[in-house]
1. Tally time: how many residues in segment 336-366 are at pLDDT below 90 and either under 24 Å from the mean Cα position of the chain (by Cα) or crowded, with 22+ Cβ neighbours inside 10 Å (or both)?
2. Is it true that some residue in segment 238-256 is touching a strand residue (DSSP E or B) at 6+ places or on another chain (Cβ under 9 Å), outside any strand (DSSP E or B) and closer than 25 Å to LEU459 by Cβ?
3. What are the pairs with Cβ atoms under 6 angstrom where one residue, in segment 193-216, is over 25 Å from ALA35 (Cβ atoms) and the other, located anywhere, is aromatic (Phe, Trp, Tyr) and at pLDDT 95 or above? Sequence gap at least six, or different chains.
4. Scan segment 213-227 and tell me whether some residue there is more than 30 Å from SER469 (Cβ to Cβ) and within 24 Å of the chain's Cα centre (by Cα).
5. Here are some conditions: (1) at negative phi; (2) assigned to a loop (DSSP other than H, G, I, E, B); (3) at pLDDT below 95; (4) surrounded by 14 or more Cβ atoms within 10 Å (Cβ to Cβ). GLY69 meets all but one. Which one does it not meet?
6. So how many residues does segment 276-293 have that are more than 18 Å from LEU250 (Cβ to Cβ), part of a helix (DSSP H, G or I) and out of contact with any Ser or Thr (no Cβ under 7 Å at 6 or more places or on another chain)?
7. Hey, any hits in segment 435-445 for a residue that's assigned to a loop (DSSP other than H, G, I, E, B) and modelled with pLDDT under 95?
Amino acid sequence: MDPNTREKIALYIRNQIAQAGSRLYAYTVDNQGKANYKREVVETVEQYLNSYKERKGEPRWVGVVGLRGVGKTTALAQLFSELTQVEQSHKLFLNLDETVNVLKVNLYDVLTVYEEILGTVFEKLSTPVYLFLDEVHNDNSWAAVLKGVYDRSRNVFIFITGSAALLLQSKVDLSRRMVVEKLYPLSFTEYIYLNEKKPFPHELTKDIQEAIFNYHNAKEVYQHLIEHEQTVGNYWLGIDRTAIDAYLKLGTLPFVFQFTKETLVYEQIRKSLDTVVKSDLPKLKKFDNDTINKIDSILYALASADIVSLKKLAEMFDLAINTLIDVLDTLSKAEMLLRIFPYGTHYSQVKKPSKYLFISPAYRSMFFHLLGSQTSYENYKGSLLEDIVGMYLQRILSARMDVALTYDSVAESADFIVSLVSKKIALEIGFGKKGSVQLENTMKRVNVAYGVVVSFAKLYLDEEKNIVSVPLEYFLLL
């Protein structure tokens, strides 16, 4: 490293040590200066931090992953701000997008100069150092560099954020060192808490999950849900029903609360998408410029219809079908899309098209709002709701073992089939009779324990058909 580079890095690090607290403070409070809500992931990592501070316990390397805009930097800022008893020079915040793309230096050199500022190498530290590295995947060698730091000293706690695929595709084996925590888009109850400070119905959430997924038939599901009818009603007291529409359109992304105009939120979503396409995707897969320039249009086509013929889509955009498959697969890895495979054997899953939902319906909504679509909100509201249900199912079921989330690829059939160890459940996102008919079609062919319709209708049991209609007011509390 030449002297000029070393001096440039040293100046940058000293500025970071002096200013990071005030820079990150803005992420920890709302527009009124009140402390921002801590997501469950933050509380989990706080437990790791406390364990480490008390007895140098593991884990001491934590990665928080998720879609751009879901609050990873806010989580990092909240954790950084919690370390009030740590000497200022012993906690370092770096945004790797800034160091790599603006400062034009790599992580290895930054940490080497940081050791010089500390006055000792990591392995000779007498008190812990805390590294907070945002968007770490911007440095191609991050995994090897941090593995080296981790192995050299137990006096270093590492916290990183980034895309799940970009973090987990590393060729360096981190499985025994790094714990990965997933940060999902906001749930409805999180959105309402941030908007109205209404307390979380934690016990009710667990009870509704238990009722929908853990019983044997629709009658049992209905009986357990009806027991909570009053409690659910009490939660909704005072909540404007237009809050559901606001949530479906934009409320899954935390930065919505920073803006007073809807158009500004959509523009911010647009910028996040540009970053994903131009920065994140090339790190996952190399595409030529012509393909990159078509990705916006491909996403717009998916926003209009989540199940599409790959052959027709490839022809529409003049792409080789294998290139299109790579694009969709990479968008799924970048957590822009949620891929739902068709139900059936591996062979049939390969032959039939997958369904692609948006991880956050705000991105689908953005396409309809900004790109001149003449489609009214009422006409694409159902697609936003299906995104939400897909997001909820992914979040809830990811904690379970041996679970598959698929859809019935036969026309006029169920939107989702949840395959648990002991049973299968068919779900349809509908608005009354249509949903029931589609479920019935699936239930004639697939041996499911019961069918569930999620809609704006009331709680209702069709015992003969073994179908329970679950109101959105219940499902959004999951």
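1. Within segment 336-366, the subset at pLDDT below 90 is 344-354.
The next check asks that each one be either under 24 Å from the mean Cα position of the chain (by Cα) or crowded, with 22+ Cβ neighbours inside 10 Å (or both); those that pass are 353-354.
Total meeting the criteria: 2.
2. Here is the first cut: in segment 238-256, the residues touching a strand residue (DSSP E or B) at 6+ places or on another chain (Cβ under 9 Å) are none.
Taking every residue of segment 238-256 in turn, none turns out to be touching a strand residue (DSSP E or B) at 6+ places or on another chain (Cβ under 9 Å), outside any strand (DSSP E or B) and closer than 25 Å to LEU459 by Cβ.
3. ILE208/TYR474
4. First, pick out the residues of segment 213-227 that are more than 30 Å from SER469 (Cβ to Cβ): none.
Looking through segment 213-227, none of the residues is more than 30 Å from SER469 (Cβ to Cβ) and within 24 Å of the chain's Cα centre (by Cα).
5. Answer for GLY69: the failing condition is (1).
6. First, pick out the residues of segment 276-293 that are more than 18 Å from LEU250 (Cβ to Cβ): 277-293.
Narrowing the set further to residues that are part of a helix (DSSP H, G or I) leaves 277-284, 289-293.
Filter once more, keeping what is out of contact with any Ser or Thr (no Cβ under 7 Å at 6 or more places or on another chain): 277-279, 282-283, 289-290, 292-293.
The number of residues fulfilling the criteria is 9.
7. no
Conditions (1) without any contact (Cβ under 8 Å) to a residue 40 or more places away in the chain; (2) in a helix (DSSP H, G or I); (3) under 19 Å from ARG154 (Cα atoms), marked per residue:
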residue	(1), (2), (3)
THR73	no, yes, no
THR99	no, yes, no
VAL105	no, no, no
THR112	no, yes, yes
GLU116	no, yes, yes
THR120	yes, no, yes
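The values are calculated or read from the model by the stated rules, or taken from the named source; none is laboratory data. Given the structure is predicted, the values throughout are model-derived calculations rather than measurements. Cβ atoms come from the backbone with ideal geometry, glycine included; neighbour counts cover every protein chain shown.
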